[in-house]
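Enquirer: Let me give you the structure first, and then I'll get to my questions.
The values are calculated or read from the model by the stated rules, or taken from the named source; none is laboratory data. Computed from a predicted structure; not experimentally measured. Every residue, glycine as well, gets a Cβ built from its backbone with ideal geometry; the counts of neighbours run over all protein chains shown. With ligands, DNA and RNA removed, areas are computed over all heavy atoms of the protein, side chains included. Shrake-Rupley method; radii C 1.70, N 1.55, O 1.52, S 1.80 Å.
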Amino acid sequence: CFLYLVNYARMKPDLALQALPIIVEDLDDSNPLVRALALRTISYVHVREFVEATVPPLEQLLKDSDPYVRKTAAFCVAKLYDHDRHLVKRSDLIDRLNTMLKDENPTVVSSALASLVDIWERSETIKLTIDYASASKIVQILPDCSEWGQTYILEAIMNYVPQDTAEAALLAERISPRLSHTNSAVVLTCIRVILYLLNYISDQKVIASLCAKLSPPLVTLLSRGPEIQYLALRNALLILQRRPEVLRNDIRVFFCKYNDPIYVKVTKLELIFMLATENNIREVLTELREYATEIDVHFVRKAVRAIGKLAIKIEPAAKLCINTLLELVATKVSYIVQEATVVIRNIFRKYPNQYESIISTLCENLDSLDEPEAKAAMIWVIGQYADRIDNSDVLLDDFLYTFADEPVEVQLALLTATVKLFIQRPTKGQQLVPKVLKWATEETDNPDLRDRGYMYWRLLSSDPSAAKNIVMGEKPPITAESESSTL
């Protein structure tokens, strides 16, 4: 009957009202299970009369002799707040919830905390503040709570602001046994709380000791199902941004397995990139080289891009990374060649005038480029090094055949590359430049392309030396983080 009411009361509120006296009567039943069920039902039904009828009995049931009823009553306050926050604020229900934090039953305390946190998150005026004495007391009951009760308590500790290093360190030490819990929610919430408390600890030895404790539980979560793995990996990514020392020596556990789902593989790839250093780069490149021969095209592309980004991130390993990329280009697989072309362009931008010897290898694979980003990358290389590529004008002319049909990013790249060719080799570029500038300014609908065409035209006609300084000027080298082609 109660379940029927919960489902249909909103559709037929008049009919539901007939059941209200019976539910109110059940709130005084001698059986605690019936009292709790009646309270749960009356607070679920979002009908005005039901909401108002809940408050008087709820105030009594918050002090009920049975802990199960008190636990249910604690959650009901949050439900009522969801239905009518002004009604709750006018009553003393929130004060009574605060009093319940001193209850002798751990489940009641954790339920009251969960309810308070929920109300606090949805209210602009109510703030949940926990002092050290309260934090210490609720941590004490952690082992006696259910797994979800432990999660509620750990979540609530995030509202506690330690006053000194000793308080934060002691609290972190006391909750650290939860890191070995079987429930992943408890483990991850505990990691989150410890990371939060680390902000208030100044003793480097304590920080190092706590960080050492955070790595094993994360690694253990990777032996669970793919969904839990993914959650652990996303958390690991966030932790690495703030505390890279936590997982510094665990790169091997993030290597992909053949049967990992694609979303797990891609996240592992991000972690491998973040954990790669000069010391482990050979091992990482061997692993990425394997990924680049996988079946999944999406994953292969990301692996190739990661190799290029590592060349930018770890300067001493750039040569190793480039050799690996050239091995992959030699496979002649079109999507690998295209992705490699894009990252090699970025490597040229990072290390100007260092690895130009590989341009000839790229030029051999022009025919396999059919994606806009790869085409734009190759055109940039031809334009930037037009004076070192013997037939740069012929190569550009081949690309220009389809200028009108290309996407805007390729058209912009062609326009700039043609101007660079003219500046570096005026005799070779003098026939191409007027043609491209005419297309860009007179035969296009794109305002960016047209504006850039006019700018180049005016620069070249009024001050060629200024044009050379602007177009071929020194550019700041890119970094792995700022480079736009992200993993």
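Enquirer: On a 0 to 90 degree scale, rounded to 10, what angle separates helix 432-442 from the longest Cα axis of the chain?
Expert: Here the helix axis deviates by roughly 50 degrees.
Enquirer: Something else: Relative to the longest principal axis of the C-alpha atoms of the chain, give the angle of the C-alpha long axis of helix 106-122, reported between 0 and 90° and rounded to the nearest 10°.
Expert: Roughly 50 degrees, rounded to the nearest 10.
Enquirer: Show me, for segment 307-317, the HN-Hα J-couplings you get by feeding each phi into the Karplus relation (A = 6.51, B = -1.76, C = 1.60, θ = phi - 60°), rounded to Hz, glycine and proline as x.
Expert: Rounded to whole hertz, the list is 4, x, 5, 5, 4, 7, 6, 10, 4, x, 9.
Enquirer: Counting only the heavy atoms of the protein chains, how much of TYR68 is accessible to a 1.4 Å probe, in Å² to the nearest 10?
Expert: Ignoring ligands and nucleic acids, TYR68 comes out at about 80 Å².
Enquirer: What's the FRET efficiency of ASP92 with SER65 using the Cβ-Cβ distance as r and R₀ = 22 Å, to the nearest 0.05?
Expert: After rounding to 0.05, the efficiency reads 0.60.
Enquirer: What FRET efficiency comes out for the pair TYR401/VAL219, r = Cβ-Cβ distance, R0 = 51 Å, nearest 0.05?
Expert: Here the calculated transfer efficiency is 0.40.
Enquirer: Right, here's the next one. What Kirkwood hydrodynamic radius, in Å, does segment 70-189 give when the mean of 1/r is taken over all pairs of distinct Cα atoms and then inverted?
Expert: About 14.8 Å for segment 70-189.
Enquirer: Can you work out ³J(HN,Hα) from phi for every residue in segment 151-163, in order, using Karplus 6.51 cos²θ - 1.76 cosθ + 1.60 and θ = phi - 60°, giving whole Hz and x for Gly and Pro?
Expert: Each residue of segment 151-163 in turn: 4, 4, 5, 4, 4, 5, 5, 4, 8, 8, 10, x, 8 Hz.
Enquirer: Here is a further query. If you work out Cα extents along the principal axes in Å from the coordinates, which of [x] 65, 50, 45; [y] 62, 60, 39; [z] 100, 56, 43 do you get?
Expert: Checked against the structure: label [z].
Enquirer: Around TYR230, with a cut-off of 14 angstrom between Cβ atoms, what is the net charge of the other residues, counting Lys and Arg +1 and Asp and Glu -1?
Expert: Net charge around TYR230: +2.
Enquirer: Then there is this: If I model a spin label at THR277 and ILE295 as a point 7 Å from the Cα along the Cα→Cβ vector, what separation in nanometres do I get?
Expert: 3.7
Enquirer: So with the 1.4 Å probe, I'd like the accessible area per residue for the chain, rounded to whole Å².
Expert: 48
Enquirer: Next up: Using C-alpha positions alone, give me the convex hull volume of segment 274-359 per residue in cubic angstrom.
Expert: 83
Enquirer: If you stretched the chain out fully between ARG10 and LYS438, how much longer would it get, using 0.36 nm times the residue separation minus the C-alpha to C-alpha distance?
Expert: Length difference between fully extended and current span is 147.3 nm.
Enquirer: On the protein heavy atoms, probe 1.4 angstrom, tell me the percent of accessible surface of the chain carried by carbon and sulfur.
Expert: 52
Enquirer: A further question follows. Provide Rg and Dmax in Å for segment 198-250, with only Cα atoms included in the calculation.
Expert: 11.9, 37
Enquirer: For LYS438, which lysines qualify as cross-link partners when the Cα separation must be under 24 Å and same-chain residues fewer than eight apart are set aside?
Expert: Within the straight-line cut-off, LYS438 pairs with LYS375, LYS420, LYS428, LYS468.
Enquirer: Could you work out how far apart the two model spin labels at TYR335 and SER357 are, taking each label as a point 7 Å from the Cα in the direction of the beta carbon, and quote it in nm?
Expert: 3.2
Enquirer: Lysines within cross-link reach of LYS313: Cα-Cα under 20 Å, excluding same-chain residues under 8 positions apart?
Expert: By straight Cα distance, LYS313 reaches LYS268, LYS302, LYS350, LYS475.
Enquirer: Would you mind checking the tilt of helix 262-275 against the longest principal axis of the Cα atoms of the chain, expressed as 0 to 90 degrees and rounded to 10?
Expert: 70
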